[in-house]
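Contents: one structure, followed by commentary.
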Amino acid sequence: MAVNEDFMGREFPPLPPVDVTAEWVGEFASSVGATNAMHHDARAARDAGFDDVVAPPTFAVVIAQKADAQLIEDPEAGIDFTRSCTASSHSRTTPRLLLACRFRPCCTSTPFGPPEAT
């Protein structure tokens, strides 16, 4: 089954809020080998000007995958990771900080392909 192009642009409802706790941030930081004190110690984070611990940049993927699951787990979407391959790789870095707080994840399916040149 091919990926269902009818899903292009489909918007999915936001998920319930996700509470990001300092403990969760610390556990994630430890699991990915992030040793900066701001990931584990609220005082170190406050000394650096933040309200609470700061999550490593890759922590945002945990939140995003909760929203993406609505698309990926829908059998009608035709997404099958057992048959995936990569033709090329593109990456984009955006400096964003994620603090212990509350998020409401959401998902909109978009076309695949390289990022637009800016």
Separation between the ARG10 and THR58 pseudo-spin-labels, each 7 Å from Cα along Cα→Cβ, expressed in nm?
3.0
Residues whose built amide H sits under 5 Å from the amide H of ALA55, excluding neighbours closer than 5 in sequence, are LEU98, LEU99, ALA100
Hey, can you grab everything whose amide H is under 5 Å from the amide H of VAL3? Only 5+ residues off in sequence or another chain; H modelled, so Pro and N-termini drop out.
none
Sorted by mean Cβ packing within 10 Å, highest first, what order do the peptides 34-40, 60-66, 2-8 take?
34-40, 60-66, 2-8
What residues of the range 55-74 lie in the reach of a label at ASP19, counting those whose backbone N is under 20 Å from a point 7 Å from the Cα along Cα→Cβ?
55, 60, 62-64, 66-67
How high is the FRET efficiency from VAL3 to LYS66, r the C-beta distance, R0 30 Å, rounded to 0.05?
0.90
Under 5 Å, built H, 5+ apart or other chain: amide partners of VAL18
PHE103, ARG104
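Read-outs throughout are calculated quantities, based only on the coordinates presented, and are distinct from any laboratory measurement. Remember, predicted model here, so these are calculated numbers, not experimental data. Because the Cβ atoms are built from the backbone with ideal geometry, glycine has one as well, and the counts that use them run over all protein chains shown.
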